[in-house]
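**Q** A single structure is presented below for examination.
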Amino acid sequence: MKLTAREILDRLVGFPTVSRDSNLALIDWVEEYLDGFGVTAHRTWNADGDKAGLFANVGPEVEGGIILSGHTDVVPVDGQKWASDPFTVIERDGKLFGRGTVDMKGFDALALSAVPLALERGVKRPLQIALSYDEEVGCTGAPPMIEDMTRILPRGAAAIIGEPSMMKAVTGHKGGVGFLVTVRGFEVHSSLMHTGVNAIMEAAKLIEWANEQNEANRAREPGPLTALFEPPWTTVHVGQISGGTAHNITAGECHFGLSFRCVPSEDPEEWRAAFEMKVAEVEAQMRAVRPEARIEVERYFDVPPLRPEEDGRAEAIARRITGDNGRHVVSYGTEAGQFQAAGYSAVVCGPGDIAQAHQPDEYITVEQFRRGEDFVSRVVDHLCA
Ligand SMILES: [Zn+2]
């Protein structure tokens, strides 16, 4: 059944695919939609079997196609004040309100609306659809899906990741790597604190290290690519911390999350190594007091940067279609870096403004949505040439 992009958007937003919940109802719907056009969908399952990514080849089974990629999960609405039901698209004042309208079911809907266009116009190279899960919890769903795609589908020439960029061609973004840190100290009465290990105060040393890195990075002169970013340096951030039980007990445990946002010219693995060296140093000090004290570090997300490509195919296509010739980079991570890491030429280009993402009363303007429709239609034309 042929639906307009707007009708598809209504359906997709109607599935409350918050990252912590299953996305299978949405995936089932998309599979049935594709099946209606004789297009075979493939799934990549998560370990628990309650979520899946979906990908498909539309048109001839040949290399050189274009991938339109989006994520199916959305951030929660808990505690947010919405003027209307977040999971029903409402049009008001030239805006389409609803959770995921801009981030990024709007683009998912546009990509799916291009499927019948590709078949009707008879593309010579395939349109490929890639819909992931768990993007909002650290881009963990895309890598296994991309791996399956490289095995199962003919190799695409370019991947367009439709995160909201106001239809600008974004060719670079920072990479991110995040750690959950557990400091295990030793409890004693605080009057005898020199015989215990205070996990909070030891954690503070690692957090102070983060402060020092930020200052040093900020003071460094950025290279030409790094200078495009805001801010033009790698940042280290601690956004959560908990620990301790009483003011007069050395804290037995402290938990915190520490993450890096790395400019593309720097290697997140080197930052990880530097952090782990500091962890080892602090841990040695702790163990000198109590040998059972320790620090555990668990990586919980890892998003490679998107590096601007020399003569990138994806960039060239996005620029030709949008007419945008500016240089754009963003400081948030996307799945584009993961497609690039798997050897695809990749660019971020999608409708709407990231400023509306994750907000109460999230919306995409009707104007941006129309520009998105025009964009995917021209992607299909490009595949016919
Ligand atoms: Zn997104």
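The values are calculated or read from the model by the stated rules, or taken from the named source; none is laboratory data. Keep in mind it's a predicted model, so treat the numbers as computed, not measured. A quick note on method: Cβ atoms are made from the backbone with ideal geometry, for glycine too, and the neighbour counts reach across all protein chains shown. Just the protein is used for accessible areas: all its heavy atoms, side chains included, with ligands, DNA and RNA removed. Shrake-Rupley method; radii C 1.70, N 1.55, O 1.52, S 1.80 Å.
**Q** Run residue 151 past the list (1) in the same structural domain as residue 18 (by TED's automatic domain parsing); (2) in contact with a Gly (Cβ under 8 Å, 6 or more places away or on another chain) and report the number of the one that doesn't hold.
**A** So the condition that residue 151 fails would be (2).
**Q** Related question: Do you know which of the residues in region 306-346 that are of a type in the set (A, V, I, L, M) and out of contact with any strand residue (DSSP E or B) (no Cβ under 6 Å at 6 or more places or on another chain) is surrounded by the most Cβ atoms within 10 Å (Cβ to Cβ)? Outline the logic, then answer.
**A** Here is the first cut: in region 306-346, the ones of a type in the set (A, V, I, L, M) are 306, 314, 316-318, 321, 329-330, 336, 341-342, 346.
Filter once more, keeping what is out of contact with any strand residue (DSSP E or B) (no Cβ under 6 Å at 6 or more places or on another chain): 316, 321, 341-342.
Details: 316: 15, 321: 20, 341: 17, 342: 16.
Taking the candidates together, the pick is 321.
**Q** Out of the residues in region 97-138 that are in a strand (DSSP E or B) and away from the ligand (no atom under 16 Å from the Cβ), state the one that is most open to solvent (accessible area, probe 1.4 Å).
**A** Filtering region 97-138 down to residues in a strand (DSSP E or B) leaves 97, 127-132.
Subsequent filtering for residues that are away from the ligand (no atom under 16 Å from the Cβ) retains 97, 127-129.
Numbers: 97: 19, 127: 0, 128: 2, 129: 0 Å².
Taking the candidates together, the pick is 97.
**Q** Return the residue satisfying two criteria in turn: it lies in region 139-153 and is crowded, with 18+ Cβ neighbours inside 10 Å and on the phi < 0 side of the Ramachandran plot, and of such residues it is modelled with the lowest pLDDT.
**A** Initially, region 139-153 is screened for residues crowded, with 18+ Cβ neighbours inside 10 Å, giving 139-143, 145-146, 149, 153.
When the remaining residues are screened for being on the phi < 0 side of the Ramachandran plot, the result is 140-143, 145-146, 149, 153.
Working: 140: 91, 141: 94, 142: 96, 143: 96, 145: 98, 146: 98, 149: 98, 153: 98.
Ranking the qualifying residues of region 139-153, first place goes to 140.
**Q** Can I ask one more? Specify which of the listed residues (255, 247, 189) is at pLDDT 95 or above and either farther than 24 Å from residue 283 by Cβ or in contact with a helix residue (DSSP H, G or I) (Cβ under 7 Å, 6 or more places away or on another chain) (or both).
**A** Numbers: 255 fails: either farther than 24 Å from residue 283 by Cβ or in contact with a helix residue (DSSP H, G or I) (Cβ under 7 Å, 6 or more places away or on another chain) (or both); 189 fails: either farther than 24 Å from residue 283 by Cβ or in contact with a helix residue (DSSP H, G or I) (Cβ under 7 Å, 6 or more places away or on another chain) (or both).
Of the residues listed, the single one that is at pLDDT 95 or above and either farther than 24 Å from residue 283 by Cβ or in contact with a helix residue (DSSP H, G or I) (Cβ under 7 Å, 6 or more places away or on another chain) (or both) is 247.
**Q** Need pairs with beta-carbon distance below 7 Å; first residue under 20 Å from residue 145 (Cβ atoms) and modelled with pLDDT of 95 or more and within region 322-339, second of a type outside the set (D, E, K, R) and part of a loop (DSSP other than H, G, I, E, B); sequence gap 6+ or separate chains.
**A** Final answer for the pair search is 335/139; 337/304; 337/305; 338/139; 338/304.
**Q** Here's another thing I want to ask about it. What are the residues in region 353-368 that are more than 16 Å from the ligand (Cβ to nearest atom) and either open to solvent by 30 Å² or more (accessible area, probe 1.4 Å) or closer than 19 Å to residue 323 by Cβ (or both), if any?
**A** Applying the first criterion (more than 16 Å from the ligand (Cβ to nearest atom)) to region 353-368 yields 360-361, 365-367.
Hits for region 353-368 are 360, 361, 365, 367.
**Q** Okay, moving on. Being free of Cβ contacts under 8 Å to residues at least 60 places away in the same chain and either open to solvent by less than 10 Å² (accessible area, probe 1.4 Å) or in a loop (DSSP other than H, G, I, E, B) (or both) is the requirement here; does residue 47 meet it? Quick ask: steps written out before the conclusion?
**A** On the way: free of Cβ contacts under 8 Å to residues at least 60 places away in the same chain: yes; either open to solvent by less than 10 Å² (accessible area, probe 1.4 Å) or in a loop (DSSP other than H, G, I, E, B) (or both): yes.
Criteria met by residue 47.
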